[in-house]
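The values are calculated or read from the model by the stated rules, or taken from the named source; none is laboratory data. None of these values were measured; they are calculated from a predicted model. Neighbour counts run over all protein chains shown; Cβ positions are idealised from the backbone, glycine included.
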Amino acid sequence: MKYICSLLLIIVTSLHAQQKSLNFSKENQTFIEKHYGTIAIRRLNIIQKEINQLKENQSYLTKLQKINILINKFHYKEDIYHWKKVDYWSSLIELIGTGMGDGEDFAMSKLFILTKLGFQKSHFILLKNTDNNEIVLGYQHRKNQKYIVLTHTSNRLMVEDINFNSKYIKLNKSSKLINDSYNRMLENNTLK
């Protein structure tokens, strides 16, 4: 009996240790507070709490849905009005700091968080909505499956066959754009 209790304690401890959590570094927190103020720190704390509440045993669909909803809480604002530039791909820190972004900012922030939760970066692509030219995130769980589309205009996940009569098309150089933006977020030490 003593052996069984010890074994159970080891199993429970190891399961708890395997759960992933994301933590913003002290440097990130200081930077955000200095550049964006206490409201941004509140946003950071909410994001941190909601991400860390995701359980490892939750389905990939649940995680996609929750991260889509979480990032969609930010305000949409086109780069020209937000950054005074025609096209600017902000980092997750900048999205949290300013509380706003555009399609690719939402898409890349979702991708960045999801990869930190264990998703493979190679399963994601950037898609362009042919109705409004907005960039959204596509996720393919297994090869030859339809894509799950995460947009900033809807909290619902949509399933699309982008090869057949879809309003979404794969962005040229999607993997290069993902890698460049993802590496920029890593360089900015967005999450540790």
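The table below lists the values:
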item	result
The stretch 101-137, subset of a type in the set (A, V, I, L, M) and closer than 14 Å to Ile162 by Cβ, residue surrounded by the most Cβ atoms within 10 Å (Cβ to Cβ)	Leu137
Scope the stretch 98-137; condition assigned to a helix (DSSP H, G or I), farther than 20 Å from Ser175 by Cβ and modelled with pLDDT under 95; matching residues	none
Residues of the stretch 78-96 satisfying the condition of being touching a strand residue (DSSP E or B) at 6+ places or on another chain (Cβ under 8 Å) and free of Cβ contacts under 8 Å to residues at least 24 places away in the same chain	His82, Ser90, Glu94
Gln29 modelled with pLDDT of 50 or more and in contact with a Phe, Trp or Tyr (Cβ under 8 Å, 6 or more places away or on another chain)	no
Hits in the stretch 85-144 - residues which are under 30 Å from Gly37 (Cα atoms) and of a type in the set (S, T, N, Q)	Ser90, Ser91, Thr98, Ser109, Thr115
Top-ranked residue in the stretch 138-148 [being polar (S, T, N, Q) and farther than 13 Å from Lys170 by Cα; ranked as modelled with the lowest pLDDT]	Asn144
Single condition Arg184 does not satisfy, out of (1) free of Cβ contacts under 8 Å to residues at least 24 places away in the same chain; (2) closer than 19 Å to Asp79 by Cβ	(1)
Subset of the stretch 23-34 (residues that are touching a residue at least 12 places away in the same chain (Cβ under 8 Å) and over 16 Å from the mean Cα position of the chain (by Cα))	Ser25, Glu27, Asn28, Gln29, Phe31, Ile32
Scope the stretch 35-66; condition surrounded by 13 or more Cβ atoms within 10 Å (Cβ to Cβ), within 20 Å of Val159 (Cα to Cα) and touching a residue at least 40 places away in the same chain (Cβ under 8 Å); matching residues	Tyr60, Lys63, Leu64, Gln65
Among the candidates Ser90, Ser181, residue that is within 28 Å of Ile41 (Cβ to Cβ) and in contact with a Gly (Cβ under 6 Å, 6 or more places away or on another chain)	Ser90
Filter result (in a loop (DSSP other than H, G, I, E, B) and in contact (Cβ under 8 Å) with a residue 24 or more places away in the chain) within the stretch 67-77	Phe74, Lys77
